[in-house]
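Engineer: Let me begin by handing over the structure; questions about it come next.
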Amino acid sequence: MTGSGNPYARAVAITGVGMITSLGRGAAENWRRLTAGESGIRRIGRFPTEDLRTRIAGCVDFMDVEPVTIPALSRAMAEAVADEAVAASGIAADGAIDGDLFIAAPPIEHDWDSRFDLLDAVDPGSGPYARGDGVSGTEATLPWHNEFTNGSLADGLAARHGCTGSPITLTTACASGASAIQLGVESIRRGERTAALCVGTDGSINSESLIRFALLSALSTKNDPPEQAAKPFSRNRDGFVMAEGAAALVLEDPDRAKARGATILGYILGCGEAADTFHRTRSNPDGGAIIRSMAGAIADAGLEPADIDYINAHGTGTPENDKMEYLGISEVFGTGRDRLAVSSNKSMIGHTLTAAGAVEAVATVQALREGVLPPTINYREPDPNIELDVVPNEARVQKIEFALSNSFGFGGQNVSLVLAAAG
């Protein structure tokens with residue numbers, strides 16, 4: 001270790017994790033399939049796609065949700081991963097968590113089917129999907145009103161787990177999941193609470209969302225075979241694959257966690273955040289905010305770039321994003337990038353959007369615990385302009401001590417986290 005001081009002096013412990021992606025339900029099942037190099041990308045069966053350029057996604061179709069709407073699926077996944085993380089941590093043995101809830105959730109802008117359903121709840125028979133059962137007024141409207149109210153998911157989840165602090169909902173584009181973790185870390189460091197439940201969830205795959213991203217030329221159109229569409233850092237990459245998922249982490253003050261006999265899965269040592277406000281979708285060509293995000297997280301951890309063994313990359317598979325992440329890595333690590341392992345989970349599960357930062361943080365925790373690096377699959381045509389060890393196609397057994405997890409979003413939102421093994 002080349003950094004000065006004790007990097008664990010301001011560390012926050014991770015005592016429970018939960019995860020859902022298109023690969024399955026549960027952190028253990030996802031880890032098994034990620035390290036096996038399996039893909040959860042499939043043809044979409046939820047709605048007609050015949051006239052769309054992109055017809056594939058990482059859909060979560062195994063939850064008990066009917067009808068499948070953004071708020072309903074996001075809520076179901078958030079509850080499932082939070083339940084898993086809290087149970088694993090044992091923190092709520094007395095029925096409550098002395099901590100805040102920070103949840104990254106999709107922006108409150110619902111698809112038209114949901115809007116028509118809300119209209120019909122207010123005035124039965126008025127919408128194209130009218131029930132015609134004569135139920136109206138508060139009885140019919142309240143459940144839908146709650147779904148359309150920003151913060152209702154956080155309120156319900158906080159009550160479900162007895163969180164004594166504020167339930168906070170946030171949206172910082174594709175960095176949201178990492179932002180939720182950062183807020184939890186900062187709350188514990190300030191001594192406001194001894195714990196935090198941090199969640200990222202996103203069930204946004206519908207025709208409108210797919211079309212909007214397609215209009216931005218951001219999505220892969222390599223529909224056949226679906227499993228080979230996501231190609232981060234490859235020369236023939238052509239865009240990201242939309243996906244759904246959720247993840248949760250229970251964070252605690254390390255002394256409090258040890259005092260109650262909790263198993264510490266790993267630590268968060270540092271957080272870095274920077275925004276460039278350059279463009280709605282593109283990063284500033286100088287990569288300044290990406291560089292500051294990574295460098296800031298490493299400095300906040302009390303480490304030097306040479307201490308980092310592995311990067312769980314944002315790695316979307318879009319030509320622009322991968323190029324800019326490589327630029328940032330090159331600037332922060334210099335020639336030291338040659339010894340770094342850098343892999344992208346999105347090659348297997350797609351881009352889980354609002355949830356991505358949390359999902360990838362959980363995968364990074366698992367890599368630190370197990371000494372196995374998940375691969376970047378579909379890496380058949382290396383990009384000569386991106387000279388990185390991307391752990392190509394197969395998982396690698398490699399013990400690591402410190403890892404960086406990157407989350408870069410549209411609008412210049414960037415968050416990086418430094419995580420460490422539990423020892």
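The values are calculated or read from the model by the stated rules, or taken from the named source; none is laboratory data. These figures come from a predicted structure and were not determined experimentally. Cβ atoms come from the backbone with ideal geometry, glycine included; neighbour counts cover every protein chain shown. What goes into the accessible areas is simple: the full protein's heavy atoms, side chains included, and nothing from ligands, DNA or RNA. Shrake-Rupley method; radii C 1.70, N 1.55, O 1.52, S 1.80 Å.
Engineer: Among the residues of the stretch 18-41, are any in contact with a Lys or Arg (Cβ under 6 Å, 6 or more places away or on another chain), of a type in the set (Gly, Ala, Ser) and either at pLDDT 95 or above or closer than 17 Å to Glu252 by Cβ (or both)?
Structural biologist: no
Engineer: If a residue has to be closer than 25 Å to Met19 by Cβ and either modelled with pLDDT under 95 or open to solvent by less than 10 Å² (accessible area, probe 1.4 Å) (or both) to count, how many in the stretch 222-239 make the cut?
Structural biologist: So the count comes out to 6.
Engineer: Has the stretch 186-203 got any residue that is open to solvent by 20 Å² or more (accessible area, probe 1.4 Å), touching a residue at least 60 places away in the same chain (Cβ under 8 Å), hydroxyl-bearing (Ser, Thr, Tyr) and more than 24 Å from Thr49 (Cα to Cα)? Give the steps one after another, and end with the answer.
Structural biologist: Applying the first criterion (open to solvent by 20 Å² or more (accessible area, probe 1.4 Å)) to the stretch 186-203 yields 186, 189-194.
Cutting the leftovers down to touching a residue at least 60 places away in the same chain (Cβ under 8 Å) gives us 186, 189, 192-194.
Still in the list and also hydroxyl-bearing (Ser, Thr, Tyr): 194.
Okay, now just the ones that are also more than 24 Å from Thr49 (Cα to Cα), so 194.
Within the stretch 186-203 (the criterion being open to solvent by 20 Å² or more (accessible area, probe 1.4 Å), touching a residue at least 60 places away in the same chain (Cβ under 8 Å), hydroxyl-bearing (Ser, Thr, Tyr) and more than 24 Å from Thr49 (Cα to Cα)), the answer is yes, since at least one residue qualifies.
Engineer: I've got another one for you. Can you find a residue in the stretch 8-28 that is in a loop (DSSP other than H, G, I, E, B), surrounded by fewer than 14 Cβ atoms within 10 Å (Cβ to Cβ) and out of contact with any helix residue (DSSP H, G or I) (no Cβ under 6 Å at 6 or more places or on another chain)?
Structural biologist: Taking every residue of the stretch 8-28 in turn, at least one turns out to be in a loop (DSSP other than H, G, I, E, B), surrounded by fewer than 14 Cβ atoms within 10 Å (Cβ to Cβ) and out of contact with any helix residue (DSSP H, G or I) (no Cβ under 6 Å at 6 or more places or on another chain).
Engineer: Also, I was wondering about something else. Give the residue that is farthest from Arg337 (Cα to Cα), with candidates limited to residues of the stretch 380-404 that are part of a strand (DSSP E or B) and either over 23 Å from the mean Cα position of the chain (by Cα) or at pLDDT below 95 (or both).
Structural biologist: Applying the filter and picking the extreme gives Val397.
Engineer: Follow-up. Look through Arg131, Arg115 and report the one residue that is charged (D, E, K, R), part of a helix (DSSP H, G or I), surrounded by fewer than 20 Cβ atoms within 10 Å (Cβ to Cβ) and modelled with pLDDT under 80.
Structural biologist: Unique residue meeting the criteria: Arg115.
Engineer: Another question about this same structure. Out of the residues in the stretch 159-178 that are open to solvent by less than 10 Å² (accessible area, probe 1.4 Å) and in a helix (DSSP H, G or I), which is farthest from Ala13 (Cα to Cα)?
Structural biologist: Ser176
Engineer: Here's something else I'd like to know. Output the residues belonging to the stretch 240-261 that are open to solvent by 10 Å² or more (accessible area, probe 1.4 Å) and closer than 30 Å to Glu304 by Cβ.
Structural biologist: Asp253, Pro254, Asp255, Arg256, Lys258
Engineer: For the stretch 262-286, give me the residue count where each residue is open to solvent by 30 Å² or more (accessible area, probe 1.4 Å) and under 19 Å from the mean Cα position of the chain (by Cα).
Structural biologist: Residues flagged as open to solvent by 30 Å² or more (accessible area, probe 1.4 Å) and under 19 Å from the mean Cα position of the chain (by Cα) within the stretch 262-286 amount to 3.
Engineer: Pro375 fails exactly one of the following numbered conditions: (1) free of Cβ contacts under 8 Å to residues at least 60 places away in the same chain; (2) closer than 17 Å to Leu23 by Cβ. What is the number of that condition?
Structural biologist: Of everything listed in (1) free of Cβ contacts under 8 Å to residues at least 60 places away in the same chain; (2) closer than 17 Å to Leu23 by Cβ, Pro375 misses just condition (1).
Engineer: Going by the conditions given, is Asn146 closer than 22 Å to Leu73 by Cα, touching a helix residue (DSSP H, G or I) at 6+ places or on another chain (Cβ under 9 Å) and at pLDDT 60 or above?
Structural biologist: yes
Engineer: Which residues, counting only those in the stretch 362-372, are surrounded by fewer than 17 Cβ atoms within 10 Å (Cβ to Cβ) and touching a residue at least 60 places away in the same chain (Cβ under 8 Å)?
Structural biologist: Within the stretch 362-372, the first condition is being surrounded by fewer than 17 Cβ atoms within 10 Å (Cβ to Cβ), and the residues that meet it are 369-371.
Listed by number, the residues that qualify are Arg369, Glu370.
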